[in-house]
Structures are given as C-alpha cells and as structure tokens.
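This report concerns only the one structure given below.
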Amino acid sequence: MKVLIVEDDALHRAYLNEAVRAALPECDTVFEAENGLTGEKLAREQRSEFIVMDLQMSPRNGIEAARTIWKERPDTHILFWSNYADEANVRGIARIVPEGAAYGYVLKSASDERLRLALRSIFIEGQCVIDREVRGLQQKSLGHAKGFSDSEYEILIDIALGLTDRAIARRRNLSLRSVQNRLQQLYEKLGVYQPVGEDAEEGRFNLRARAVTVALLRKLLNHNALERAEAELEQWLERKPGTTSNRRSASA
C-alpha cells in the first residue's frame, strides 16, 4: 500500500507521515510532496491510490490538485486535511468529487485518534469521513439553515469578480430580471441592506461590495475560491467572440 502526503509545511508532513504509519500497518511506502503541483506529478508517476491532501498551498492548491488527480484516477481515495472549515472549501470539494468516491475532510485541530480513524475508514474501508463542523457547512450549502443555492453562490462569485448584471446574465444564461432577483436574495441572506429612516445617510453602502465583504468575513469566499473562479472566467471570456470588449464590459 502506497500513501502520498501533499502538504506544504514540513512539520505537518512529518506528523502526517508518523500518523499514516501508525494508523496503517498495511502501508509500506509513504511519498511526500510540498505542493499540489508536485503532488499531481507524484500521484501520476506512482499511481497513488491513497492521498492525504492539504488545501491551502501554492503554486497549486489542494482542490485543484485533487481535481486533476480524480480526472485521471476517479477511484483515488483522498483525505483533505485543513486548518479551515469554510463554505468556499466545502463547495469547491463538492464540485470535483467523483460519484461514489471515498474521501474525507478532517480539520488539523482534530485529535490523533480522530485522524487515525479517518485514515482507516477512508483508505481501508472506503467510507467517507467528514468532521462535524464541516458537515454543518455541507448542510447549509444544500440549502438548509438559510444556506445558499448553487445558483445564488454563482451570482456571489460573479459579483466578487466584478461582473455587471448584464455580464452575469450572459454568462449564466439568465434574464436580467433573474440576476437582479438572485442578488436581492443574496442581500437578504447576508443581511446586507441600505438603512432607512431620518438618520440614515442615503446611499451609505454599495450593496455589491458590501455583500462581497460580508461573504469574505463569513468565509463563504476565500482566496482559493476566487482564484479558481478567476481562471474559469478567463476561460469563458476566451470562448466568447470579441474577447477584448467582453473584458472591458466585465470590469466596467
């Protein structure tokens, strides 16, 4: 059994190496990679079926590396191991997990025993293991507890990228009215509004900018999510006729 550890912190790699060997006596080889790019290469060369993956790495983060690995080998078992339980990461992973894949999301704050059980459950028993805090975010992302639908989250991403209502409508194949309705739903769920009353200053907030700020503070968005979104936007712009004019309208 071969296990690949993809983690940019040397101390964390050493800890994971020990944890893997303690939890998995079946494991005879442990490979280590310091970022997602190297992780992809090692996974391909060694045909690794079992991977422990950090999320926040450069030059390629864990979600992008996992996307590539799963495209090439959908049966790969991946345990995501991260400091962060935020909706941006939960949604990013949900978008790339192949149907029926065994994977997990365990926080770095979890106990040694929790990590050991996760390793055995995912790699040996083929089960999915999600920490309780992360599971709560998954439920919200499915639309419960005032969570955001996928379509609403797409609009949030698009306004964070600076797209106008008309550009969003073209990109998402929606009417302008539909985009504006979803924006209002976003503002309501984020608690973003213009104050009213005699003491309120007219136009105190730019609601789009305020919505993005609140989303960042609530960890609905993060650097990795915006990095992925920017790359997808570039691809969309390249596919559209009149790319130069599209770029100008997107940033207007």
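The values are calculated or read from the model by the stated rules, or taken from the named source; none is laboratory data. Being a predicted model, the structure only gives us computed values, none of them experimental. FYI the Cβ positions are ideal-geometry reconstructions off the backbone, even for glycines, and counts take in every protein chain you see. Heads up: the accessible areas ignore ligands, DNA and RNA and are worked out on the full protein's heavy atoms, side chains in. Shrake-Rupley method; radii C 1.70, N 1.55, O 1.52, S 1.80 Å.
Some values worked out for this structure:
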| item | result |
| --- | --- |
| Residue in region 80-87 that is open to solvent by less than 50 Å² (accessible area, probe 1.4 Å), touching a Lys or Arg at 6+ places or on another chain (Cβ under 7 Å) and in a loop (DSSP other than H, G, I, E, B) present | yes |
| Counted residues, region 19-47 - those being within 14 Å of I124 (Cα to Cα) and open to solvent by less than 20 Å² (accessible area, probe 1.4 Å) | 4 |
| Given (1) open to solvent by less than 20 Å² (accessible area, probe 1.4 Å); (2) farther than 20 Å from N224 by Cβ; (3) under 18 Å from the mean Cα position of the chain (by Cα); (4) not aliphatic (A, V, I, L, M), index of the condition H77 fails | (1) |
| Answer from A94, A102 - the residue that is of a type outside the set (D, E, K, R), within 27 Å of L216 (Cβ to Cβ) and assigned by the TED database to the domain that holds Y15 | A94 |
| Residue check for G147: in contact with a Ser or Thr (Cβ under 9 Å, 6 or more places away or on another chain) and modelled with pLDDT under 75 | yes |
| Any hit, region 9-18, residues being surrounded by 24 or more Cβ atoms within 10 Å (Cβ to Cβ), of a type in the set (G, A, S) and modelled with pLDDT of 95 or more | no |
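This table checks each residue for (1) open to solvent by 60 Å² or more (accessible area, probe 1.4 Å); (2) small (G, A, S).
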| position | (1), (2) |
| --- | --- |
| E154 | yes, no |
| D158 | no, no |
| L161 | no, no |
| T164 | no, no |
| I168 | no, no |
| N173 | yes, no |
| S178 | no, yes |
| Q184 | yes, no |
| G191 | no, yes |
